[in-house]
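Below is one structure; the comments refer to it alone.
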Amino acid sequence: MTTALIGQPVSRVDGRQKVTGRATYAAEFEVPGLAHGAIVRSTIAHGRIASINSVAAERAAGVVAVLTHRNAPRLAYRPHKGAPDPDVGERLHMLQDDQVNHQGQPIALVIAETLEQANHAATLVRVSYTSETGTTDIERIEPVLPTQKNDQGQVRPPETRRGDPEGALAAAEVKVDYTYVIPRENHNPVEMHATIAAWDGDRLTLWDKTQWVHNVADEIAAVFGIPAENVRVVSPFVGGAFGSGLRTWPHVTLAALGARVARRPVKVMLSRREMYYGVGYRPHTVQRVALGASRDGRLAALLHDGYQETSTYEEFSEALLNASRFLHSCPNVYTRHRIARMNVHTPTYMRAPGEASGIFALESAIDELAVALGVDPVELRLRNEPEQDEFKRLPFSSRSTRECYRVAAERFGWSRRTAASRSMRDGRWLIGWGMATATYPMNYAPASAMARLLPDGTAEVRSASSDMGPGTWTSMTQVASDILGLPIERVKFTLGDTRLPRAPVHGGSMTMASVGSAVQAACRKAREDALTRGGANDVTEAMRRLGQPVEASVDVQPGDASQRFSMHAFGAVFAEVAVDPDLGETRVRRIVGAYGAGRIVNPKTARSQCIGGMIGGIGMALMEHSVVDGRNGRVPNANFAEYAVPVHADAPSLMDVIFVEEDDPHVNPLGVKGVGEIAIVGVAPAIANAIFHATGKRIRELPITPDKLL
Amino acid sequence: MNNIQYVAPQSIDEAVAAMAAANGTGRVLAGGTDLLIQMRAGVVSPGIIVDVKKIVEMTTIDETSGGYRIGAAVSGAVIGEHARLKKAWPGVVEAINLIGSKQIQGRASAGGNLCNASPAADSVPALVAAGAIVTVQGPKGRRDVPVEKIHAGPGRTTLQPGEIVVSFTLPARPAGSSDAYLRLIPRTEMDIAVVGCGVSLTIQNGTCTAARVGLGAVAPTVLLVEDAAKALAGSRLDDKALEAAAAACRAACKPINDKRGTIAYRTKIAGVLLKRAAGIAAERAGRK
Ligand SMILES: Cc1cc2nc3c(=O)[nH]c(=O)nc-3n(C[C@H](O)[C@H](O)[C@H](O)COP(=O)(O)OP(=O)(O)OC[C@H]3O[C@@H](n4cnc5c(N)ncnc54)[C@H](O)[C@@H]3O)c2cc1C
């Protein structure tokens, strides 16, 4: 019997808990004897703490302790690198010395009975600094090649060359050569980061907002010099993260440190403002893209030279240029990735890190080329559709770009587009239609899961994954129910606890592939075991007969498919904008996205992901910008009044998401590619291209605010 | 943080006395949608908070021989539900109702919007265009002031220590009058005006016989643009008059560059919004 739950639009199994407020988020756990920690942050970007006076803070009402580099315990800080940590460099060590490396760096922790008392006392800590020269102005930094050659197994070579790109560019009949700038953006999930730490001897429990419980345990164990088994991390619900919960940030260490000194549980919760100084961001990028083509629109040269900001203490780099090496066919390609080291805190992965930014530049440039050639933008892409991954020289495991262009264009009504800019109107509004290609790699990492069948015909399935919003709770329950042949209500899936089998980081769009494959394998094994031992061909009946639990644990490993195939999800995004020619304001009216992302386990939650990505893309295109003060690294708009993200009224009334049929046997046992990140890729360039079509103005610096259009 | 006192007097006299006793550390609390945020951010730290929401005169709307008296602490939501006020002064009401969201509307007052003295305060240009008179009471008694005289600069007012804004009075005006308020914000909702423009006018037999124009977010204070009003008054609101009024608005602008808009952009938009707001007000006044 099969219930065929995979592929069904199942509603969130945790939906009721969430909307009724019964889902418990990190800051909400009730831990007896809890004290509150408030972080004092540096007000300079680079230098040393000359003096720090905490007497007044210590005397303030309710204060339990004030920790600074002068009195904080020395910590082990054993080497530790989790997958999201940059290969080169070292994390900041909390309260271990007088060094200040960035604006807003934690320099003291005040612990008090109440949050208000802690916050107040934190204002009483007096600090003086010896400033050292440094810079937080990316325009004044000469970027350099990174030391690291590799990052997380994904090859990100600083420089690549095939053919003779410069020669081909010089000889090209038609060329475009421009620079694209994307400012720093912050993740801004709705839930602020928070950690509650409680010690019991040398055992520590952390209730944390994280995308990877095991890495938190590993890192905190390394920091405190204790075995990782001694650290339990609990994180059942995450109120959005977009990558801000990938690494283990300083406030987690501070909560644990505070709890150790105070000898009682301590909670540290970041304010919205602090979210701009301590949990990473999408780095500012500057990218030159030069394209050369023949008159008939064949790409002859592609040069993509980009750099991004990073800190002075870690070399963060993202996959800015990866797609340029294989998305379109081109014999002569040069890419160079550099970093600008600044006195800022280390950026991190933010939804489609690298791809979202790199593809904005690439797909804007392709559109510019289409205009220069007088060729339809879809047609230009079709003319340069590659037969294989020309960088890796491997076939694609599957690639549905043609189908995505066709389906999305049809749904959008692209054939009714008139090519000239400013040629379409609706009353006083200028209408523009634009499109872009999207891609994101299929990532798949080792994962484990446990399935336990009970005599009453229910099942418990576990893996220490995370669900920052995509619907992991639901999709894993679906996979398990499907394999076990049990109704969904009889399967209980659990995630978000280091006591569960280890899962990879909940990022890189690989949870469905990795954890899903582990859940699938564990359930298969348990089911076969139950059927054989119970002598029945139905799990419920077999378990009734058996009368005792059946348990199966598995570890899944990616095979060698990545040696044989280039594996990516692909998509096409079409956008309609309306621009008021007198005010320069842009409204996105429609977005249609078609994606070839392998098998779609839950079309309902997958669609939600894509809609979220589209709205995020609107933010990237039109609004988001963390302003960085070039003198001191301060972010003057570190709040929701001044850092604009799209509100509901900014969401187009029509967001159409299409998943094209794709049966890819190579990627992973479940045949999925992941949709979480490709969902934002291509949206910003589609909008920028549509704005060009509407207005005739090419804006190469995001966000495209009204003043840039007048 | 320590020792903040809170009082909620029933009368204006008591409120004024409480403010006087506070020796400059008193703060009026209306909806609190600015004050509480500023307190949390550590920008203000009052010694005593004087909540005025229990004072009848400050929380009610009265009709006064053709005009209206709006208590300074009446919430936006209550104002938006006052059908006759809305009909008489649609521009003032829409400006107040643009403040924030549903939740904010349940709290925010026009008095708070004015006294917070943001140059981008949405209700103020509309109130300036409407010719609203502000009644102020303080230790030295009551006085009436034109609304445009209240702002002194970003975050600063001409109110004397201990003075409280009691109410706004919108004058009676002839048939054929109406008003409108428009603002430009970079996103569709919940944002701070890059430019705001209020226009109030009277039209008789197709000719504009009286006009007032208020401009927000283009100078340190909300502006009364008399030259724009002059360009409109006496005209038939033809393109030439509208362009002259738009030019007067642009000339009045003394904006800053910031993340939300450049000087050039704000200046240009002031003219565009003037034309559009004048068009809407004229339509409402019954032209055609
Ligand atoms: C989410 C959000 C969105 C917002 N959106 C907008 C917007 O779109 N447009 C806009 O203009 N503003 C906006 N604001 C700002 C704010 O809501 C408005 O300025 C509102 O009108 C303030 O009114 P209040 O009654 O809440 O004032 P309060 O916060 O109570 O008071 C504001 C200030 O005025 C003083 N004060 C209040 N009443 C009096 C009085 N009668 N006499 C003397 N002094 C007084 C207070 O002491 C304080 O200094 C927004 C605020 C938030 C939080």
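The values are calculated or read from the model by the stated rules, or taken from the named source; none is laboratory data. Predicted model only: the values in this text are computed from it and were never measured. Neighbour counts are summed over all protein chains in view; Cβ atoms, including those assigned to glycine, are modelled from backbone coordinates with ideal geometry. We work out accessible area using only protein heavy atoms, side chains counted, and drop any ligands, DNA or RNA first. Shrake-Rupley method; radii C 1.70, N 1.55, O 1.52, S 1.80 Å.
Below is a table of values for the structure above.
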{"quantity": "Span per principal axis, largest first, for the Cα atoms of region B:219-280 (Å)", "calculated": "38, 17, 17"}
{"quantity": "Ranked packing of B:278-286, A:381-389, most packed first, by mean Cβ within 10 Å", "calculated": "B:278-286, A:381-389"}
{"quantity": "Within region B:4-139, percent of DSSP bridges classed antiparallel, to nearest 5", "calculated": "40"}
{"quantity": "Heavy-atom surface of the protein assembly as shown, accessible at 1.4 Å and reported per residue (Å²)", "calculated": "37"}
{"quantity": "Bridge type composition, chain A - antiparallel percent by DSSP, nearest 5", "calculated": "75"}
{"quantity": "Area buried, chain A against chain B - accessible surface, total, 1.4 angstrom probe, square angstrom", "calculated": "1900"}
{"quantity": "Share of carbon and sulfur in the accessible heavy-atom surface of region B:177-284 [1.4 Å probe, %]", "calculated": "55"}
{"quantity": "Residue-wise HN-Hα coupling along region B:172-183, computed from phi with Karplus coefficients 6.51, -1.76, 1.60 (Hz; x: Gly, Pro)", "calculated": "6, 8, x, 4, x, 10, 6, 8, 7, 10, 10, 9"}
{"quantity": "P(r) histogram, all alpha-carbon pairs of region A:356-515 included - 5 Å bins from 0, percent", "calculated": "1, 7, 12, 13, 12, 10, 9, 10, 9, 7, 5, 3, 1, 0"}
{"quantity": "Solution diffusion estimate, µm²/s, Stokes-Einstein, the protein assembly as shown, Kirkwood Rh from C-alpha pairs, 4 °C, viscosity 1.567 mPa s", "calculated": "42"}
{"quantity": "Cβ neighbours within 10 Å from other chains - mean over A:634-642", "calculated": "2"}
{"quantity": "Backbone HN-Hα couplings from phi across region A:171-184 [Karplus 6.51/-1.76/1.60, Hz, Gly and Pro as x]", "calculated": "8, 5, 5, 10, 9, 10, 8, 9, 10, 10, 10, 10, x, 4"}
{"quantity": "Peptide B:249-262 - average C-beta neighbours from other chains (10 Å radius)", "calculated": "2"}
{"quantity": "Cut-off under 5 Å, modelled amide H: who pairs with A:Phe396 long-range", "calculated": "A:Asp389, A:Ser566"}
{"quantity": "Helical mean residue ellipticity (222 nm; -39500 (n - 2.57) per DSSP H run of 4+; nearest 500) of chain A", "calculated": "-7500 deg cm²/dmol"}
{"quantity": "Those lysines that a straight Cα-Cα span of less than 23 Å connects to A:Lys18, excepting residues fewer than 8 apart in one chain", "calculated": "A:Lys209, A:Lys267, A:Lys492, A:Lys604, B:Lys102"}
{"quantity": "Shape category assigned to region B:5-51 from the gyration tensor of Cα positions, a/c cut at 1.5", "calculated": "oblate"}
{"quantity": "Per-peptide average of other Cβ atoms within 10 Å, ordering A:635-643, A:34-42, A:358-366, B:94-102 highest first", "calculated": "A:358-366, A:34-42, B:94-102, A:635-643"}
{"quantity": "Kirkwood Rh, angstrom, region A:204-277 [1 / mean 1/r, Cα pairs]", "calculated": "12.7"}
{"quantity": "Shielding of B:264-271 by partner chains, average beta-carbon count, 10 Å", "calculated": "3"}
{"quantity": "Ranked packing of B:69-75, A:196-202, most packed first, by mean Cβ within 10 Å", "calculated": "B:69-75, A:196-202"}
{"quantity": "DSSP-defined beta bridges in region A:577-710 - what % are antiparallel, rounded to 5", "calculated": "40"}
{"quantity": "Within-12-Å neighbourhood charge of B:Leu35 [Cβ basis; K, R +1; D, E -1]", "calculated": "+1"}
{"quantity": "Dipole magnitude of chain B about its Cα centre (Cβ charges: Lys, Arg +1; Asp, Glu -1), debye to nearest 20", "calculated": "560"}
{"quantity": "Rounded percent of accessible protein surface that carbon and sulfur make up, region B:5-51, 1.4 Å probe", "calculated": "52"}
{"quantity": "Burial of 40 Å² or greater, region A:674-710 residues [accessible area, probe 1.4 Å, versus chain by itself]", "calculated": "A:Pro706, A:Asp707, A:Leu710"}
{"quantity": "Where Rh is the Kirkwood radius over Cα pairs, Rg/Rh for region A:523-657", "calculated": "1.23"}
{"quantity": "Mean Kyte hydropathy of -1.0 or more with a Cα span along the axis of at least 20 Å, helices from DSSP in chain A", "calculated": "A:355-373, A:511-534, A:603-622"}
{"quantity": "Solvent-accessible surface (1.4 angstrom probe) belonging to A:Thr205, in square angstrom, nearest 10", "calculated": "40"}
{"quantity": "Value of D in µm² per second that Stokes-Einstein yields for region B:177-284, Kirkwood Rh from Cα pairs, at 4 °C (1.567 mPa s)", "calculated": "96"}
{"quantity": "Region B:1-101 pair-distance distribution - Cα-Cα, 10 Å bins, rounded %", "calculated": "14, 38, 31, 15, 2"}
{"quantity": "Anchor B:Lys240: lysines whose Cα lies under 26 Å away (excluding residues fewer than 8 positions away in-chain)", "calculated": "B:Lys230, B:Lys254, B:Lys268, B:Lys275, B:Lys288"}
{"quantity": "Cα gyration tensor shape of region A:220-324, rounded if a/c is under 1.5, else prolate or oblate by comparing a/b with b/c", "calculated": "prolate"}
{"quantity": "Calculated diffusion of region A:105-259, Stokes-Einstein form, Kirkwood radius summed over Cα pairs, 20 °C and 1.002 mPa s, µm²/s", "calculated": "105"}
